[in-house]
Amino acid sequence: MNESRLVNRYLCMIVGVVVTALVLVAPASAAPPANDTFAGAVTISALPFSDTVDTTEATTDADDATANANCGAPATEASVWYAFTPATATGVGVDVSASTYSAGVIVVTGSPGSFALVTCGPGSVSFTAAAGVTYYLLAFDDTPGGTNGGTLQISVSEVATPEAAVTVDPTGLVNPHTGVVTVSGTFTCANADFAFVDVSVTQSVGRFTITGFGSVFADTCDGQSHPWSVDVTGSTGRFAPGKARVDAFMFACAFECATDEAIQTVRLRPR
């Protein structure tokens, strides 16, 4: 066998070995997560719950778009689904902020084509779940046109719901010269980001009805009772010593608002 033919054979063998090696070492194509679609939603049977998922091969589809219709997230790339049905009413928090990419959450009830939005947002959301209702959680990459997903870190846990309570004291003060009244009471709130008390005062003076409104910020939501007091000026005249109706309405809000109302006949004494 001459030298040129021998060299050609070696070259062919080397090429064949390289091609074979490349085929053998080429990684298998990764598959989307099992809960890539609504039909494959992972059931959350108890709280707290946590999951770590590689979403780099996860997709987005028409169900994602329907869930996002009333939310307006910039993108729902690399999405995965979860389902949770509480036995009793509870506050639920969903957190995806520890993921390796910018992740968001959409919570819906219903079924594809007729989803009802419960809440949505980047990083984390909270909501009150009713007993026996199935809530579907969509976790997704909210960066449009960016890298597709990464490592999703999702945790779902119970969260405390806001609480509110308000009272009105049975006596108040009125300045006989200005007609300004001072009414007071107590408030209690917990698990709230902010709270306030709206107050209305109504009094019949002769043939006239005097009304006025005030508001006070409840700045301590620690579950303990705290005093509130507010000055109210009549918008239709001056208040006078005597009986008046005081209506106090309280809001304490976080992911939802708790409310309470107290109505009291108050005796206004001269200041």
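FYI, it's all coordinate maths here, none of it is from the lab. On a predicted model such as this, the values are computed, not experimentally measured, just so you know. As a convention, Cβ positions derive from the backbone with ideal geometry for all residues, glycine included, and neighbour counts pool all protein chains shown.
Worth pointing out:
- In region 214-231, the residues that are under 19 Å from Ala254 (Cβ atoms) and hydroxyl-bearing (Ser, Thr, Tyr): Thr220
- Thr56 satisfies every condition listed in (1) closer than 21 Å to Asn148 by Cβ; (2) buried (at least 19 other Cβ atoms within 10 Å of the Cβ) except (2).
- In region 233-271, the residues that are more than 27 Å from the chain's Cα centre (by Cα) and over 15 Å from Asp169 (Cα atoms): Thr233, Gly234, Ser235, Thr236, Gly237, Arg238, Phe239, Ala240, Pro241, Pro270, Arg271
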